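Here the structure is laid out as structure tokens; the discussion comes afterwards.
All of the numbers you see were taken from the coordinates with simple rules; none came from a lab. Computed from a predicted model, the values in this text were never measured in an experiment. A quick note on method: Cβ atoms are made from the backbone with ideal geometry, for glycine too, and the neighbour counts reach across all protein chains shown.
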Amino acid sequence: MTVIKNRIKKILVPLDGSSNSIRGLDEAIRIARQSHATITGIFVISAPPVLAYQARIFKDKAFNNAKRILEKAQVRAAKNGILFYYKILSGDPGDIIVRLANSKDNGYNLIVMGHRGISAAKELFLGSVSNYVLHKSKIPVLIVK
């Protein structure tokens, strides 16, 4: 475990406010404490089809909700002595997470995420986003139940 501990410096944690994503954050905090890593929380706003005049209202509410969730996560990490950065992006959650993780410029060593989020579409054992990330990521993925 020492070899792995020394390699993990940046952890990516997708968050959506679900209890599963918070369990993923707690596990990432535990790993970060052991390896002296930083955590980047990401919230991806997946916009449903809405009329143009409703889109602005939806985006504002979604952004405010994402910011509230990520700021709570930041406080949770800080209480454990962990540096926590966050990003709010919009698009397809699985695709965005994988693109961030696979980009060498970002330098992430590990993705830690809950096995299922708050989306309405659920697969039998894994959520569709965690399943996508697990199969498409070029870096290790830890799925927390």
- Residues with amide H under 5 Å of Leu142's amide H, sequence separation 5 or more or different chain, H placed in the peptide plane at 1.01 Å from N; which? Ile111, Val112, Met113
- Task: Can you tell me which of 27-36, 71-80 comes out highest on packing, and rank the rest after it, using the mean Cβ neighbours within 10 Å?
- Result: 27-36, 71-80
- Restricting to lysines and to Cα separations under 19 Å from Lys104, and discarding same-chain partners fewer than 8 apart, the set is Lys9, Lys10, Lys87, Lys136, Lys138
